[in-house]
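The values are calculated or read from the model by the stated rules, or taken from the named source; none is laboratory data. This structure is a prediction, so every number in the text was calculated from the model and none was measured. As a convention, Cβ positions derive from the backbone with ideal geometry for all residues, glycine included, and neighbour counts pool all protein chains shown. Only protein heavy atoms, including side chains, enter the accessible area calculation; ligands, DNA and RNA are left aside. Shrake-Rupley method; radii C 1.70, N 1.55, O 1.52, S 1.80 Å.
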Amino acid sequence: MTPEFSAVATFVHFSALGALSLYGLHRIWLLANWWLQRGSAPQPFTSLPENLPLVTVQLPVFNERFVAQRLLDAVAGLDWPVDRLEIQVLDDSSDDTSDIVAQRVAYWQGRGIHISHILRSQRSGFKAGALAAGLKSASGEFVAIFDADFIPAADFLLKTIPQFHDPRVGMVQTRWVFCNTEHSWLTGVQALLLGPHFSIEHQVRFRKGLFFNFNGTAGIWRRQAIADAGGWQSDTVTEDLDLSYRAQLAGWRFVYLDGYEVPSELPVTLAAFRSQQQRWAKGSVQTARKILPQLLSRDLPFAVKCEALTHLLANICWLLGTVIFLTLYPTIVYRIGVGPWQMMRLDLPLFVATSCAIMSYFFVYLTVNRGNGSFRRFLLLPVVSIGLAPSISLAVLRGLWSRGGFFERTPKFGITGKSTLPRHAFLYRQKGLPYLLLNALLFLYSLLPLTFALQRGTWYALPLFFLFPVGFLAVIVQEIHELRAGFLASPAVPFSQPFSQPVSHSEISET
């Protein structure tokens with residue numbers, strides 16, 4: 001390793017740390033505003049209009065054999081006049097999900113529910129294409145959307161429709177909660193990652209009049225807002241984020257209901273969680289490339305522009321974290337003669353503004369919401385983040401130079417609480433071996449800074465350097481476990497019909 005290379009790596013390392021510190025300071029800003037706003041939430045409107053509007057509920061599904069029936073049964077039970085409700089099952093499936101849906105649609109049609117099963121010959125445009133195709137035949141003034149793994153309660157429309165009393169409101173988003181948080185350490189960490197996105201980020205942005213996004217499900221749109229924004233478009237893989245910003249740029253207001261929860265299911269495998277995060281990361285960067293030029297050129301408040309910039313580019317932090325890790329070893333070799341006073345002036349402030357700030361964000365949230373997780377999950381959070389950062393960074397890079405792309409669904413299995421996976425869960429395969437090899441190489445590389453610190457007796461650096469191999473090793477062990485369990489193996493048994501009994505809301509006890 002030449003001195004020139006080490007010098008360049010050191011510059012890149014501290015540049016990435018500096019950029020990441022801006023994200024950390026933004027987390028502290030969000031946290032401070034959330035803390036000051038606590039206890040002063042605006043009361044949601046409860047009065048329904050005299051003439052109830054016609055509502056279309058769209059259910060986009062693709063190969064969801066384990067949860068399709070649960071979804072249809074929940075939506076068919078919505079408390080809304082039958083003549084003012086239509087349900088569209090937008091089915092792009094290539095497995096026996098379509099048969100399951102057809103049976104359940106026929107069942108509810110026989111009981112007077114206005115529900116239709118819309119099949120497409122091609123999966124063009126993926127979810128955005130399915131939603132757009134459904135709108136062509138939809139009659140509703142409002143459009144509610146639920147992904148297959150969500151379980152809306154019967155009063156969903158009773159709670160959300162009143163929020164449209166202001167004709168400028170174009171979308172109402174509700175809060176996700178999770179029915180399988182306790183399934184494993186992995187689902188527990190995911191719940192901790194997603195919880196603040198709703199309870200902190202959405203709340204702060206909503207109350208301060210800043211732009212925030214529809215999360216793709218558990219929300220309801222005024223149909224005119226979708227049309228004014230240019231409709232669903234598939235040139236990003238986060239069509240929900242894209243439409244959200246286009247609608248708000250068109251002048252529509254959004255409402256966030258933190259007090260209303262919709263249960264959903266978290267990915268239970270590492271491969272599924274990773275693919276979900278990769279899609280979100282890639283899509284957010286694609287949306288930033290598409291939206292930011294026109295947003296920054298509009299006559300909007302500085303705060304709106306600044307927050308939108310931070311929001312849409314947030315996933316670049318995965319890439320920054322990976323760069324920091326990859327340049328760590330040449331940096332410590334290059335700075336071998338740096339003394340404690342130099343570190344106090346540069347390293348310590350950056351450490352506080354990055355790692356300490358970001359972890360404080362989750363720690364405070366977890367302290368206030370003790371029922372939403374345990375501190376064991378908090379300790380696992382940096383470990384999982386380190387192990388997943390390189391693979392998510394690859395998705396960020398793809399988002400920087402590509403438009404659209406394949407929409408890889410996140411498989412769900414009808415898991416609640418600590419229940420076990422269904423027998424045929426492995427039929428929904430996802431790539432794992434390439435990432436196992438990648439993480440194995442990175443694990444070996446992560447031993448270099450640790451070994452260097454041990455040889456030189458730099459004991460204060462050992463806890464930080466130790467996190468990297470632990471993070472990669474944790475991901476490797478989980479990946480091997482899933483490979484052994486057969487999630488990525490070729491199916492050796494045919495499909496069989498899943499459960500046939502409806503799941504009631506009372507059974508969803510763990511949120």
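Before moving on, here are some points about what is shown:
- PHE472 vs. criteria buried (at least 16 other Cβ atoms within 10 Å of the Cβ), in contact with a Gly (Cβ under 6 Å, 6 or more places away or on another chain), at pLDDT 90 or above and aromatic (Phe, Trp, Tyr): yes
- Residue match in the stretch 362-375 (condition: modelled with pLDDT under 80 and crowded, with 19+ Cβ neighbours inside 10 Å): yes
- Subset tally (residues that are touching a helix residue (DSSP H, G or I) at 6+ places or on another chain (Cβ under 9 Å) and open to solvent by 10 Å² or more (accessible area, probe 1.4 Å)) for the stretch 143-171: 4
- Residue selected from the stretch 144-200 under the condition among the polar types (S, T, N, Q) and not in a loop (DSSP other than H, G, I, E, B), by the criterion farthest from LEU90 (Cα to Cα): SER199
- Filter pass, GLY18 being touching a residue at least 24 places away in the same chain (Cβ under 8 Å) and under 30 Å from THR367 (Cβ atoms): yes
Listed here are the residues, each with its yes/no results for (1) open to solvent by 40 Å² or more (accessible area, probe 1.4 Å); (2) more than 16 Å from the chain's Cα centre (by Cα).
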{"site": "PHE254", "(1), (2)": "no, yes"}
{"site": "LEU257", "(1), (2)": "no, yes"}
{"site": "TYR260", "(1), (2)": "no, yes"}
{"site": "SER264", "(1), (2)": "no, no"}
{"site": "THR269", "(1), (2)": "no, no"}
{"site": "LEU313", "(1), (2)": "yes, no"}
{"site": "TRP318", "(1), (2)": "yes, no"}
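- Pairs meeting the criteria (first residue in the stretch 357-368 and over 17 Å from LEU17 (Cβ atoms) and part of a helix (DSSP H, G or I), second residue open to solvent by less than 10 Å² (accessible area, probe 1.4 Å) and among the β-branched types (Val, Ile, Thr), beta carbons under 8 Å, at least 6 apart or on different chains) are TYR361/ILE200; TYR365/ILE200.
- Test: residue in the stretch 61-80 that is charged (D, E, K, R) and at pLDDT below 95: yes
- Looking across the stretch 415-443, the residues that are at pLDDT 80 or above, surrounded by 16 or more Cβ atoms within 10 Å (Cβ to Cβ) and of a type outside the set (A, V, I, L, M) come down to THR416, TYR435, ASN439, PHE443.
- Complete set of residues in the stretch 227-259 that are within 18 Å of ARG123 (Cβ to Cβ), in contact with a Gly (Cβ under 7 Å, 6 or more places away or on another chain) and in contact (Cβ under 8 Å) with a residue 60 or more places away in the chain: SER234, ASP235, THR236, VAL237
- Condition check for PHE66: open to solvent by less than 40 Å² (accessible area, probe 1.4 Å) and either aromatic (Phe, Trp, Tyr) or on the phi > 0 side of the Ramachandran plot (or both): yes
- Looking at GLN203, GLN233, just one residue is of a type in the set (S, T, N, Q) and in a helix (DSSP H, G or I), and that residue is GLN203.
- Filter result for SER500 (surrounded by fewer than 16 Cβ atoms within 10 Å (Cβ to Cβ), part of a helix (DSSP H, G or I), out of contact with any Lys or Arg (no Cβ under 8 Å at 6 or more places or on another chain) and modelled with pLDDT under 85): no
- Test: residue in the stretch 380-399 that is under 27 Å from ASN33 (Cα atoms), in contact with a Pro (Cβ under 7 Å, 6 or more places away or on another chain) and buried (at least 18 other Cβ atoms within 10 Å of the Cβ): no
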